[in-house]
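One structure is given here, and the rest of the page talks about it.
The values are calculated or read from the model by the stated rules, or taken from the named source; none is laboratory data. Given the structure is predicted, the values throughout are model-derived calculations rather than measurements. Methodologically, a virtual Cβ is constructed for each residue, glycine included, from the backbone with ideal geometry; neighbour enumeration extends over all protein chains shown. These accessible areas exclude ligands, DNA and RNA; they are computed on the full protein's heavy atoms, side chains included. Shrake-Rupley method; radii C 1.70, N 1.55, O 1.52, S 1.80 Å.
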Amino acid sequence: MVIKVFLASSSGSTAIKKKQQDVVGFLEALKVEYDPLDIACNEENRMWMRQNVPEEKKPANGIPLPPQIFNEESYCGDYDTFFDAKEDNSVYAFLGLPPPPGSKEEEEAEVQEEEEGDVEETQEEEVE
């Protein structure tokens, strides 16, 4: 699975530059492999990104701004949803990747699976 991060190498907006740096820096810190795809100097990348961001996720003007994040062809989200996932310690789930062994996210997933298993056992007991 390849994470694609659509960026603008020559953005005039410092806000966009900071958001791009935040996403890329965090992915690098987690050692997540990704492809940075420039939309400023590659029209094909720009068109692909615009066509593949879901309509409900596009801003009012219809043109999504970078950074936009995909797992292969599957849309993950923009900076705001990435930031929310980062705050919730759920970046791997956001990216559609399995959490690495020993990570906080893996521990939370295991606890959740155990809790779901307890609920299923309780429901089975009630049926009997």
For the pairs 17/57; 17/104; 18/104; 31/58, note any where the Cα-Cα span goes beyond 24 Å.
17/104; 18/104; 31/58
Quantify, in whole percent, the carbon and sulfur part of the accessible surface of the stretch 1-120 (1.4 Å probe; protein heavy atoms only).
50
Would you mind checking which residues have amide H under 5 Å from residue 9's amide H? H placed 1.01 Å from N; only 5 or more apart, or other chain.
39, 40, 41
Mind giving me the nanometre distance, one decimal, between the label points for residue 103 and residue 89, set 7 Å out from Cα along Cα→Cβ?
1.3
Karplus couplings for the stretch 62-67 from phi (6.51 cos²θ - 1.76 cosθ + 1.60, θ = phi - 60°), rounded to Hz, Gly and Pro as x?
x, 10, x, 9, x, x
What percentage of all Cα-Cα pairs in the stretch 35-82 are separated by more than 14 Å?
46
The stretch 10-50 - accessible surface per residue (Å², probe 1.4 Å):
65
Would you kindly derive the ³J(HN,Hα) couplings of the stretch 26-37 from the backbone phi angles with the Karplus curve 6.51 cos²θ - 1.76 cosθ + 1.60 (θ = phi - 60°), listing them in order in whole Hz, with x for Gly and Pro?
5, 4, 5, 5, 7, 6, 8, 6, 8, 10, x, 10
Residue-span extension gain [residue 41 to residue 56] - 0.36 nm each, minus C-alpha spacing
2.8 nm
Mind putting together the pair-distance distribution for the stretch 18-103? All Cα pairs, 5 Å bins, whole percent per bin, short to long.
3, 13, 24, 27, 19, 9, 3, 1, 0
Out of all DSSP beta bridges with both ends in the stretch 1-93, state the antiparallel percent to the nearest 5.
60
Assuming 0.36 nm per residue, please report the length gained on full extension of the stretch residue 17 to residue 114 beyond their Cα-Cα distance.
30.8 nm
Residue by residue through the stretch 81-89, which ³J(HN,Hα) values in whole Hz follow from phi under the Karplus form 6.51 cos²θ - 1.76 cosθ + 1.60 (θ = phi - 60°), with glycine and proline marked x?
6, 4, 4, 4, 5, 5, 5, 8, 6
Give me the number: length gained by fully extending residue 32 to residue 71, i.e. 0.36 nm times residue separation minus the C-alpha to C-alpha distance, one decimal in nm.
12.9 nm
